[in-house]
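Everything below concerns the one structure shown next.
Each value in this text was obtained by applying a stated rule to the coordinates, not by laboratory testing. Just so we're clear, the structure is a prediction, and the values are computed from it rather than from any experiment. Cβ sites come from the backbone with ideal geometry, for glycine too, and all protein chains shown count toward neighbours.
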Amino acid sequence: MNADTAAAHWNIAELWDDYRPTPLIALPALARRTGVAQVLVKCEGERPLGNFKALGGMYAGLRALARAIGAASLQELETRRRAVRAYRLICASDGNHGLAVAAAAARAGAGATVYLPADVDASRARRIARLGAEVVRVYGTYDDAVDAAQVAAARGDGLLIADTSEDPDDPVVRDVMAGYGLLVDELRAQLHEHGDGRISHAFVQAGVGGLAAAMAQGLHDRLAQPAGLVVVEPEAAACVAHALSQGAPSRIPGDLRTSAEMLSCGLASAPALRVLRGHGAAAIAVDESALVNAIACLHEHGGPRTSSSGAAGLAGLLQATVDDRTRSAHGLSAASTILLIATEQPRD
């Protein structure tokens, strides 16, 4: 949480009247398939809005509006809609973060503008627009959309609700990652239902790295060290792996095209990178066939239906268990307990 006064009074679960933790399920057939003791999957497609981004974007958006009008709590924010109407939230997104920010604006009574790369699927754009947000298409990559949103915020169009930043201390990005902390809190309780409360590895997909960083920070005492946290990215958009190897975020070249649309990012988040480096995270890049095949593999072995973005962690696990040499390099054995996050419901 942020160190400012209001942060201490926010309970993220209160964002939803019907809040309940998303399920954590064991997949014994998948454990046998990968040669490990246990595979656990957190089903984030059952989260409000259908994905884990509801936690970060919605929380950060509401927190930014509260700071803007001087509200000390969610309850106070919701009683001051007249003041909130003067504000607009701005963000860039591949889809899910923009949906969450639009939901935050709609709940509080503010406006919203979401900058989407031109290649983002029309159905994702429609979901955002149905919440009352203006959708602006950017002809370029996700990182070009990030640049466009930053320019708009700099000229005074609204409050920037970014889920990535080059500033390691960016307060909004810290709020986004704090929102993901609710997922981690749920996991810390649920892991005891499946054993001793510990895991050996977590294979976590990354766009800019925020979810992986929240997992590394929140589960560090439950993970085997070193490199118990493995970041999984598409080969075409492996910006976190690049930043880990370089020691700092730097934009990777290419068009970032991948079936894992929610992971199509070319520049890692500096706040996330600082956490991941501090916890010794490892990284795996997977090709397009691995991403697509992981969708069916997850469902066929008893897991939830999801997208290639949602199944990317499994793609990484399958790659890490392809042979004895690779298994050994990642410290995997027949005694390993693996955590995966199915981050979203399927697009259809």
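Run the dipole for the chain about the Cα centre, Lys and Arg Cβ at +1, Asp and Glu Cβ at -1, nothing else charged, and hand back the magnitude in debye, nearest 20.
520 debye
Using a Gaussian network model on the chain with a 10 Å cutoff between Cα atoms, which of 30, 55, 229 fluctuates the most?
30
Compute the Kirkwood hydrodynamic radius of region 1-156, taking the inverse of the mean of 1/r over all pairs of distinct Cα atoms, and give it in Å to one decimal.
Every distinct Cα pair counted, the radius reaches 17.0 Å.
Around residue 159, which amide H atoms from residues at least 5 apart in sequence, or from another chain, sit under 5 Å from its own amide H, with H modelled in the peptide plane?
For residue 159, the qualifying residues are 88, 89, 90.
Could you state the orientation-averaged shadow area of the convex hull built on the Cα atoms of region 218-348, in nm² to one decimal?
Approximately 8.5 nm², given one-decimal rounding.
Using alpha-carbon pairs under 8 Å, 6+ residues apart, how would you state the relative contact order of region 138-270 in percent?
For region 138-270, the relative contact order is 26 percent.
Select one label from (i) 32, 21, 18; (ii) 35, 21, 18; (iii) 28, 25, 18: the one whose number is semi-axes √(5λ) of the Cα gyration tensor in Å as derived from the coordinates shown.
After the calculation, the listed value that fits is (i).
Normalised by the number of residues in the chain, what is the relative contact order in percent for Cα pairs under 8 Å and 6+ residues apart?
Result for the chain is 20 percent.
Would you mind checking which residues have amide H under 5 Å from residue 283's amide H? H placed 1.01 Å from N; only 5 or more apart, or other chain.
231
Report ³J(HN,Hα) in whole Hz for each residue of region 74-89, in order, from the Karplus equation J = 6.51 cos²θ - 1.76 cosθ + 1.60 where θ = phi - 60°; Gly and Pro get x.
4, 4, 5, 4, 6, 8, 10, 5, 4, 5, 5, 4, 6, 10, 9, 8
Give the distance, in whole Å, between the Cα centre of region 174-219 and the Cα centre of region 308-327.
About 19 Å separates the Cα centre of region 174-219 from the one of region 308-327.
Run lengths n ≥ 4 of DSSP H only: what is the helix-derived mean residue ellipticity at 222 nm for the chain, with -39500 (n - 2.57) per run over all residues, to the nearest 500?
Mean residue ellipticity at 222 nm (helix-derived): -12000 deg cm²/dmol.
Can you work out the Karplus-derived ³J(HN,Hα) for every residue in region 198-210? Use 6.51 cos²θ - 1.76 cosθ + 1.60 with θ = phi - 60°, whole Hz, and x for glycine or proline.
10, 10, 8, 9, 10, 9, 10, 5, 9, x, 9, x, x
What residues have an amide H closer than 5 Å to that of residue 138, excluding those fewer than 5 places away on the same chain, when H is modeled at 1.01 Å from N in the peptide plane?
Under 5 Å from the amide H of residue 138: 116, 118.
Going by Cα centres, region 11-66 and region 96-140 are how many Å apart?
21 Å
How much net charge surrounds residue 283 when only the other residues with a Cβ under 15 Å from the Cβ of residue 283 are counted, with Lys and Arg +1 and Asp and Glu -1?
-2
Using only Cα atoms, tell me the angle between helix 142-154 and the longest principal axis of the chain; keep it within 0 to 90° and round to the nearest 10.
30 degrees
Kindly write out, for region 302-311 in residue order, the coupling ³J(HN,Hα) from the Karplus curve 6.51 cos²θ - 1.76 cosθ + 1.60 (θ = phi - 60°), rounded to whole Hz, with x marking Gly and Pro.
Karplus-based 3J(HN,Hα) across region 302-311 equals x, x, x, 6, 7, 9, 5, 5, x, 9 Hz.
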